[in-house]
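Since the structure comes first, as structure tokens, the remarks are kept for the end.
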Amino acid sequence: KYMCPGVPAVMSTLLANINAYYAHTTQATNNVSASDRFAASNFGCGAAVQPRNRQMVRMRDPPPPTPATHTHHTHSSKQRAVRRRREGGGGCTGVNNFPASSPERLQDLKSTVDLLTSITFFRMKVQELQSPPRASQVVKDCVKACLNSTYEYIFNNCHELYSREYQTDPAKQGAVPPEEQGPSIKNLDFWSKLITLIVSIIEEDKNSYTPCLNQFPQELNVGKISAEVMWNLFAQDMKYAMEEHEKNRLCKSADYMNLHFKVKWLYNEYCKDLPFFKSRVPEYPAWFEPFVIQWLDENEEVSRDFLHGALERDKKDGFQVTSEHALFSCSVVDVFSQLNQSFEIIRKLECARPADRGTLHEEIRQGRVLYSGGTLPGRTHGGGHEGGHEGGHEGGHEGGHKGGHKTISNVLLSYADIISRCFANYVKMEKVPCILINNIQQLRVQLEKMFEAMGGKDLCVEASDILKDLQVKLNNVMDDLSRVFSVSFQPHIEESVKQMGDILGQVKGTSSVGNTSS
């Protein structure tokens, strides 16, 4: 009956009054302890006092339990009540004992916690028990138990809950076979849906239950506990799932990268600043390291393909300048647009890891993000981790990368090489050779901007040296193109000089004849 609306508040008030009566001494009871006074009383013993002759009449019915015994049963019942606050609905849907949508039931939940506090006070002050369970700890344990059940519920019913709450397109609400509703190595849809449901739980706890259960502001914050418990449970499942995916790799690397960013957002948004996580290195980057490396390798291939496509379009258009005032053609803009997009993706991989030189994400933080190969984090050319992060994969990917070249270095040098090989075909044109040389110069300008965006002088020495060496190589290409261009003028210059000599000879000859006549 204590779960009926309004009853927790009545019970809490009743026990508070009992506490006040026995725990607060008066001058007459100053020398008698609350425990002795309570034991000496007939409170709850089934005795009644006749008002006229004050004769004690024994009741025939067995006496009800005294507050001393009843509070123990009530305390355990209240724990079960708090644990069941999301019973049947997983915190998202369904019927809850204390749904966030019902202010009345939230008030009952608050009164239930008040009753737990009164029970603790009764045990400590009236019964004078040594170290009774703290009400805040009892509630915290109940909240964690509830969250464990909630996570299990949304995990086991993820597809159904997500479809009911977030799937608005009727065409996508068709029946899905049960075997495809849970985690799968064929796709990553389940995990994206689960993250959405986890966020809804944390937000509900933060916005509805935290203000309700505010009796222990220094010891209990439901929203923070919710984020901590949900993340820890999610992390266990996510880690094992990614290990399975690494063995099979049936999804696109871009899908793994998108999931990586969702997981990172969940951690940064709800967990990063919690006391439990502040002193800990986040483990989620390790789950995705193989897929990040795979994406980096594939990204070089994509960048190369994009480069060839941009140059082919430029050739068809005759290497037209991008605008009236520009001195370079569109292919330079296209290539750096793609490189900057890749760099922006890689930059977002940065996470709050310490200076651990054996991890991918330290390499990313240090600007060595453009490696597609051998000297990637903690990996040798023969394979194997050198001290990588905790929980890292032993052995690495032997021979799985293409040397130690950087994507940006490969792409820009490939661009310069293609221009160098076809440059001789355009030297007889008036403007195109100048545009092509300016293209190489624009590569150097854009490379300098990217260098600054990556950290400039703060970039690690190795990455900085490689980019500086790339600048020197591009400058040498410009010198070579300029030399070829200037040499192409030599026959024309020689012919022009010869013609000028003939003209001057004719002028001199005419002048000599004139002088002789005079």
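Every number here is computed from the coordinates shown, using simple stated rules; none is lab data. The structure displayed is predicted, hence computed values, not measured ones. Quick reminder, even Gly has a Cβ in these numbers, built from the backbone with ideal geometry, and neighbours come from all protein chains shown.
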So for each of 315-323, 204-212, 331-339, 236-244 I average, over its residues, the number of other beta carbons within 10 Å; can you give me the resulting order with the highest mean first? 331-339, 204-212, 236-244, 315-323
Want the number for Ser163 to Asn17: 0.36 nm per residue separation, take away the alpha-carbon distance, what's left? 47.6 nm
Over 29 Å between Cα atoms: which of Lys144/Lys186; Lys431/Lys498; Lys206/Lys264; Lys239/Lys468; Lys264/Lys473 fall into that group? Lys144/Lys186; Lys239/Lys468; Lys264/Lys473
What order do you get for 341-348, 146-153 when each peptide is scored by the mean count of other beta carbon atoms within 10 Å, highest first? 146-153, 341-348
Computed ³J(HN,Hα) along the stretch 15-23: with the Karplus parameters 6.51/-1.76/1.60, θ = phi - 60°, integer Hz and x for glycine or proline, the list is 5, 4, 5, 4, 4, 4, 5, 8, 7
Per-residue HN-Hα couplings for the stretch 268-276 [Karplus 6.51, -1.76, 1.60; θ = phi - 60°; Hz; x = Gly/Pro]: 5, 6, 10, 10, 3, 8, 6, x, 4
Which far-off residues, 5 or more places away or on another chain, put their amide H under 5 Å from the one on Val321, with H placed in the peptide plane? none
Stokes-Einstein translational diffusion, the stretch 166-274 - Kirkwood Rh over all Cα pairs, 1.002 mPa s, 20 °C, in µm²/s: 136 µm²/s
Histogram of C-alpha separations across the stretch 98-247, 10 Å bin width, %: 10, 32, 28, 18, 9, 3, 0
If you project the alpha carbons of the stretch 208-363 onto their three principal axes, what span does each projection cover, largest first, in Å? 74, 41, 31
Note, the stretch 320-336: 3J(HN,Hα) by Karplus (6.51, -1.76, 1.60, θ = phi - 60°), whole Hz, Gly/Pro = x, goes 6, 5, 6, 7, 4, 9, 7, 10, 10, 9, 5, 4, 5, 4, 5, 4, 6
